[in-house]
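Worksheet: one structure, shown below.
Read-outs throughout are calculated quantities, based only on the coordinates presented, and are distinct from any laboratory measurement. Note that the structure is a prediction, hence the values are computed from the model and not measured. Cβ placement follows ideal geometry from the backbone for every residue including glycine, while neighbour counts extend to all protein chains displayed.
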Ligand code: BJW
C-alpha cells in the first residue's frame, strides 16, 4: 500500500445494485424499460419534461428506502484508514457513498437528491417530486426546475478536478461500471498513461477490461471488501 499514496476510485451503477437500485445496461436494467433519448437527454426533456420528471420522481421515491451495502462501507473505511489520499469519482446519482461515510467524493453525473433551476442556475437539496409547475425557491419562476443530473450531450461536473486527481493517481480502482459512457470510460487510459496501477472490480469483464493491470470479477459486496482488506493489510 505504501507505493499507492494517491488512490482514485471510479464507481458505477453495479456498486449500488445490491442495495436494490437498478443498473442501466444489464438485462433488466433501466435502458431495457426506457429509451435513454426520451429521459436522459436535454432534447428529451424539452420534448416531454413531465415524462422526465416522472422518471426521476419515481427513482427519487425508490431511493428513500435504500441503504449503503458492504462495498460502499468498505470504500468509506479505505478513506478513513489509508494514510494517503482517497478520492471517489462516482457516476452514480444516488447518495449511498455519503450515507456510508465517504467524504472526498465527486458526483460527476450529478445528484438525484438535488434540483437545478435552468433559469437562475441555483441548486437546492430536493427530496419531493418535481413537475413543470414547481416554482424555483430562489427565483420563483416556474418551468425551469430540473433534476441536477448530467444527461447525454451535457458536460459532466468537476472535470478539471477529476483530471487533476486522475493524473496524480498511483492506484486507480474501477467498480461496477460497464465502461460504455465517456468521459468516465476513458479514465483508465488516462491513469495508465500517468503511471498508475489499474484495477477493475466488476460482476463481469467491462468494455475496457483489457486496459486493467488486475481484474476481479464477482458481486461488489463480496469482492470490494475483500480487495480493500487486502490493500489495507499490505
Ligand atoms: C455489478 C453488479 C454487482 C451489475 N456487483 N458489478 C462516441 C464516443 C465517445 C463519446 C461519445 C460518443 N458519442 C457520444 C459520446 C458522449 C456520450 C457517451 O459516452 N455516449 C456513449 C453511449 C458512447 N457522453 C456524454 O454525453 C457525456 N458528456 C460528455 O461527453 O460531454 C463532453 C465531454 C468531452 C470531453 C471531456 C468531458 C466531457 C455525459 C454522459 C451522461 C451520462 N448520464 C447517465 C444518466 C444520467 C444519470 C442518471 O439518470 O442516473 O448516467 S447515462 C447512465 O450511464 C448514467 C450512468 O452514470 C452512466 C454509466 O453507467 P454505469 O454506471 O456504467 O452502469 P451500467 O449499467 O452500464 O453498468 C453496470 C455494470 O455493473 C455492468 O458492467 C454490470 O456487469 C456490473 N454489475 N451488478 C458488481 N452486484
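Counting every pair of alpha carbons in segment 93-232, the share spaced more than 23 Å apart comes to 46 percent. With each label modelled as a point 7 angstrom along the Cα→C-beta vector, the residue 131-residue 152 pair spans 2.9 nm. How high is the FRET efficiency from residue 234 to residue 85, r the C-beta distance, R0 22 Å, rounded to 0.05? Here the calculated transfer efficiency is 0.85.
Across segment 1-82, Cα-Cα pairs more than 21 Å apart make up 47 percent of the total. Below 8 Å between Cα atoms, with a sequence gap of 6+, how large is the relative contact order for segment 136-234 in percent? Computed value for segment 136-234: 20 percent relative contact order.
Shown for 82, 72, 107: other C-beta atoms within 10 Å of each C-beta, ranked fewest to most, produce the order 82, 107, 72.
Residue order for 73, 201, fewest other beta carbons within 10 angstrom first, comes to 73, 201.
Dividing the alpha-carbon radius of gyration of segment 1-140 by the rule-of-thumb value 2.2 N^0.38 Å gives 1.18.
Over all Cα atoms in the chain, the spread is summed up by Rg and Dmax: 17.9, 56 Å. Determine the distance separating the Cα centre of segment 8-28 from the Cα centre of segment 122-151; give it in Å without decimals. Each part's Cα centre sits 26 Å from the other's. Computed packing ranks the peptides 164-173, 209-218 as 164-173, 209-218, most packed first, by mean other Cβ atoms within 10 Å. Extension gain, residue 67-residue 122: 0.36 nm per intervening residue step, less the Cα-Cα distance, totals 17.0 nm.
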